């Protein structure tokens, strides 16, 4: 064990000793005037050096004694720690051995894992390849279906267009021949107008036929039949108009009828026959789709999953549509716990049935009457108070108010307001006992007249409608009577 040594204290002692020696040397070498100062410095430094040395020795001794005690106290725990350290070293050595074994096992497992990862990567590549093949097959089949439907709609439109074109050409040639005939000079102007309208009608029917190629969904057959039936009905009506135009002379009626029937039998296809043709085409289309479906059996699971996803999306769309429909409804007071709020909901419901949206905003309720405020921003047009006041009396009957509901526009708030009179305002009554009590404190008229003579200003305050004007008139009238006059009120 090393001893404690205060090096800094020894440095102070050495420095003080050197200064003391310097002071003594100066004392002997200096003149008489400087010798006292040199002696004082030498004595002072000597005292400092001696004191420092004694203190340092004492402190070193005390420190060494305390250090010895501490070392004796810590020696036993230190030995115990050394024993524990040796035991832990043996445990660490065992752990290191186990760690090396685990590293070897880990390397083996890592190698096996690498092989498994390679196998998984290869499997992913195979799955991706199969997925691409499946998507290619599905895309090819979907394309075939779309191509078939596109060809079907195009062929159907072209077939009907050819029939309509032939009918219009025959009708135009017939009209042209009638215009050039002398037998129909009397209706030449009507025939010319009819001929001029044929081009517009033909263009209109051609536009209808173009809609067939844009049809989508499962109702292609029904929509196509509807378009074809509409064209046939309009052409038939056109023929009837033309026939009625030619029925001026009775001798031409039978011949014209036979001519029209002949044209219809050659150029016009009955609706039943057209429906039969379309049904045959639909059956052929269904057979083709069933054939394609039969070839797609292996993809049923994927298609079912896609169908489920589409159904989920449709359900979400339906829910959103219901939410949108609910949000489009006017906002009402809920819950309507007061009469004014219930009347407000009646007003909102009534105008909603008329296509006017009033959204609840606020209510200034005074028990017997109220002023309701409504937002009208969601209307597509400007709503005027005059338009709403036309229904005031009917709203009074529906809401059971005492007066018709009056609507006004509040430009400051930008809202429509409605005044409701719900009940009669109660009249304030004073009991006879209260009146008798008050009369005891009322002074005679002379006191009021004397007070008014000397007062600078006399005023009366009360709430609106409480009778201030009547009261002051009565007071002034009484004062005039008291002074001998005859008041006129």
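Coordinate-derived values only; no laboratory data. These numbers were taken from a predicted model, which means no experiment stands behind them. Cβ: placed from backbone, ideal geometry, glycine included. Neighbour counts: every protein chain shown.
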Mean separation of Cα contacts under 8 Å, 6 or more apart, over the residue count of the range 356-422: relative contact order %: 34
Neighbour-count ranking [beta-carbon atoms within 10 angstrom, fewest first] of 24, 106, 191: 106, 24, 191
Gained length - residue 72 relative to residue 329, 0.36 nm times residue gap less alpha-carbon distance: 83.2 nm
Relative packing of peptides 197-207, 322-332, 156-166 - highest average C-beta neighbours within 10 Å first: 156-166, 197-207, 322-332
